[in-house]
Structure formats: structure tokens, C-alpha cells
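The values are calculated or read from the model by the stated rules, or taken from the named source; none is laboratory data. Note that the structure is predicted; figures quoted are calculated from it, not measured. Counting neighbours? That spans all protein chains shown, and the Cβs are built from the backbone with ideal geometry, glycine included. Only protein heavy atoms, including side chains, enter the accessible area calculation; ligands, DNA and RNA are left aside. Shrake-Rupley method; radii C 1.70, N 1.55, O 1.52, S 1.80 Å.
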Amino acid sequence: MLDEIRNFPNACKEAFEEKIKLPASYRNVNKIIIAGMGGSSIVGDIISDIFDELKFPIIVSRSYNLPHFADEKTLLICISYSGNTKETLEQIKNGIRKKCRIVGISSNGKLMEIFNRRKLPFFLIKKSNTIPRVAIGYLLFSTIKILHSLGFIKVDKINIANNPEKDAKDVTKKINGTFPIIYSVYPSVAKRFKTQLNENSKIQARWEALPEALHNDIEAFGSLNEKFSLIFIRDKLNERKEIKKSIEFLKRIANKAKVVEIFSKGKSKLERILYLIWFVDFVSYFLAIENGMNPQETLNIKKFKEFVYGKPNL
Ligand code: F6R
């Protein structure tokens with residue numbers, strides 16, 4: 001897994017260089033729904049955080065059903081790395097019925113079959129021998145490529161110049177043995193960190209968006225102690241002065257909880273958010289190794305899929 005995490009910038013570039021052909025009618029939409037679960041669906045959150053220029057809403061749909069408002073004016077991007085995730089497959093059926101402008105992304109599975117059989121636009125993830133959360137670079141940049149080729153976003157160049165591996169090791173040491181509570185103005189990065197800590201490191205964690213946490217979460221700060229770490233994921237180039245002051249305030253009332261700050265690096269917002277995603281992926285991996293956990297295996301997810309659907313679909 002470590003090599004694959006290290007390869008993240010190349011994966012992003014490779015996926016973005018792939019070709020995709022989409023019907024011109026796909027430009028004629030007024031909203032985007034990204035349908036998927038877990039490591040595939042996080043793509044939608046990351047894109048929402050990166051691209052301010054989008055003229056209409058992006059909704060990430062993580063369930064069996066699409067939102068009621070999905071219709072023929074909806075660009076529906078269905079992502080499942082395995083191509084066999086039941087919730088995502090149900091949403092595809094829903095989207096076809098509702099006549100959404102639908103496009104699929106997977107490395108294999110039923111999703112690929114459905115899109116090929118119906119001759120619907122499909123983006124194949126060529127990296128087929130890995131697991132969804134590790135394929136993030138490919139999943140993310142296939143989706144970015146789709147939006148870019150429809151003219152909804154503009155990506156000039158993918159530049160991830162800074163490597164967070166060393167700093168990630170330091171952060172791992174600081175938070176090991178604590179219950180991490182992650183705060184950020186970028187919900188996608190905070191959520192990615194939490195889910196990677198769950199799946200790779202096998203620990204409990206929680207995330208909160210800023211400034212929302214100032215309006216509820218802080219009332220529970222009285223119960224913080226040395227067993228918790230408060231992790232602030234920061235982007236100085238995109239932080240209002242109120243956010244800076246709010247973080248100062250949170251640090252002051254942190255009681256005995258450990259305070260850890262992770263700062264973005266890079267010029268563009270795209271580069272800085274990718275740096276942060278890469279950073280937290282490294283931390284989750286190192287934490288697993290330090291605690292003798294297997295970051296690759298997600299036995300309970302496998303068991304859940306077998307229990308509910310009757311056969312493994314990872
Ligand atoms: C496994 C992982 C999971 C899966 C989820 C959906 O690495 O991260 O969260 O992403 O169970 O499966 P896919 O992505 O194959 O649709």
C-alpha cells in the first residue's frame with residue numbers, strides 16, 4: 001500500500017490523460033450528482049471543496065436512492081471502484097429511469113457491464129488490482145476529467161510538488177494512542193482522514209467542519225482530556241481571519257487534549273487540497289503499521305457485504 005500511496009501524483013496525472021467522449025447533451029444540465037459509497041464517493045466531496053467556479057450544485061449521494069430532484073437536467077456520475085456496490089447499482093437504475101445524463105466509472109464489475117450493455121458513457125479505471133480507497137488518484141481524476149471535458153471546470157496542470165511523507169510520520173507519532181477529532185474548513189479532507197483512520201488504521205475518529213463546530217461541538221470541550229487529539233487541517237492561503245481566530249480559541253479551550261496542526265503546501269487550491277489528502281493518507285498508513293494493523297484488509301466491510309448481500313463484492 002505504501003508504494004501506491006507514494007504513487008498518488010502519478011495516478012492523478014495518468015487518469016487525467018485518459019480520453020473520454022461524452023454526448024454534447026451532457027452539457028445541458030443544471031446540477032451534478034455524484035453517486036457512490038465509501039472510498040469511491042469521497043471524490044464528490046473533494047471536487048466540491050476544490051472547484052469554486054462550478055456554476056451549479058454538486059450533490060454527493062450515498063444511498064440506495066437518488067434525491068427526488070434528479071431528472072433529465074442532472075449529470076449523474078456513478079462511481080464504484082469494484083463496480084459491484086449494491087447502493088451504487090441501485091442509484092444507477094434510478095438514474096436511468098429518471099433519464100439523468102449518466103456516466104459511469106469503475107475498474108470492473110456489474111457497473112461496467114450495465115454501461116457497456118446500454119452503450120452509456122463509461123470511464124474504465126485501468127488500475128484494476130488494488131482497493132477503492134487506494135485508487136483515489138484514479139477515481140478523482142477520472143471524475144475531474146469528465147467535468148473538465150464538459151467545460152464545467154478548468155484544470156491547467158496537475159502539479160503536486162510537495163511530498164508530505166516525512167511530516168506525516170511526525171504527525172503519526174503525535175496522535176498515536178489518542179482519539180483524533182479532526183477540524184477543517186475542507187470537509188472532504190477531514191472526512192477522508194476520518195475514514196482512512198477507520199479503514200487503514202482501524203481506530204475510531206471523528207471530524208467536524210469549521211466554522212460549524214464553533215456552534216455546537218465546542219460545548220463538549222469540557223470533557224476533553226489527554227486521550228484526545230485535536231487535529232486542525234489548515235490552509236493559510238484560504239483562511240478568513242475569523243477562522244484563524246476561531247482556531248486560536250479552540251486551542252485555548254482544548255483542555256489537556258493534544259493539539260496538532262497540519263498545514264497545506266502548494267500554490268493553487270487544487271494543489272493544496274491534494275497535498276492534504278495525500279498527507280492524511282500517509283498518516284493513516286503509518287499509524288496502522290506502528291500499531292501492527294493490516295491497513296489493506298477491511299474484514300468487517302467484507303463481512304457486512306456478505307451478510308447483507310450474500311456474496312463478497314470488494
Ligand atoms: C474499500 C473502501 C470502501 C469501498 C466501499 C464501496 O477500500 O474504501 O469504503 O469504497 O465499500 O466500494 P466500491 O468503492 O468498490 O464501490
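Quick notes
- Evaluated with a Cβ-only charge set (Lys, Arg +1; Asp, Glu -1), the stretch 114-249 carries a dipole of roughly 840 debye about its Cα centre, given to the nearest 20.
- Over the chain: helical MRE at 222 nm, DSSP H runs n ≥ 4 each giving -39500 (n - 2.57), nearest 500: -12500 deg cm²/dmol
- Rg/Rh ratio calculated on Cα atoms of the stretch 218-275 (Kirkwood radius): 1.05
- Lys/Arg +1, Asp/Glu -1 at C-beta; the chain dipole; positive extreme among 223, 179, 2: 2
- Chymotrypsin sites (Phe, Trp or Tyr not before Pro) lying in DSSP loop within the stretch 1-69, provided at most 16 other Cβ fall within 10 Å: 64, 69
- Charge tally for residue 97 (other residues, Cβ to Cβ under 12 Å; Lys, Arg +1; Asp, Glu -1): 0.
- In a simple Cβ point-charge model (Lys, Arg +1; Asp, Glu -1; nothing else charged), the stretch 163-314 has a dipole of about 160 debye relative to its Cα centre.
- Using the Karplus relation 6.51 cos²θ - 1.76 cosθ + 1.60 with θ = phi - 60°, the per-residue 3J(HN,Hα) values for the stretch 69-80 come to 6, 4, 7, 5, 9, 10, 8, 10, 9, 9, 10, 8 Hz, with x marking Gly and Pro.
- Surface analysis of the stretch 24-156 yields an accessible area of 40 Å² per residue, using protein heavy atoms and a 1.4 Å probe.
- Each Lys and Arg contributes +1 and each Asp and Glu -1, all at the Cβ; summed about the Cα centre of the chain, the dipole is approximately 700 debye.
- When both the stretch 214-228 and the stretch 150-176 are represented by their alpha-carbon centers, they are found 28 Å apart.
- The chain, accessible surface, carbon-and-sulfur percent (1.4 angstrom probe): 52 percent
- The stretch 1-158 - Kirkwood radius from inverse mean 1/r over Cα pairs (Å): 15.3 Å
- Kirkwood-type radius of the chain, with distances r between different C-alpha atoms, in Å: 20.2 Å
- Overall, the anisotropy analysis places the stretch 159-271 in the oblate class: the square-rooted eigenvalues a ≥ b ≥ c of its C-alpha gyration tensor yield a/c not less than 1.5, with a/b not exceeding b/c.
- Over the stretch 188-277, accessible surface divided per residue gives 50 Å², non-protein components excluded, 1.4 Å probe.
- For the chain, leaving out every one of the trypsin sites (Lys or Arg not before Pro) that falls in a DSSP loop and has at most 14 other Cβ atoms within 10 Å, the longest unbroken run is 158-226.
- Among the helices of the chain, those built from whole DSSP H runs whose Cα atoms reach 27 Å or more along their own axis and whose mean Kyte-Doolittle hydropathy is at least 1.0 are 269-290.
- Qualifying GluC sites (Glu not before Pro) for the stretch 182-252 [loop in DSSP, other Cβ within 10 Å: at most 14]: 226
- In the chain, Cα pairs under 8 Å separated by at least six residues give a relative contact order of 18 percent.
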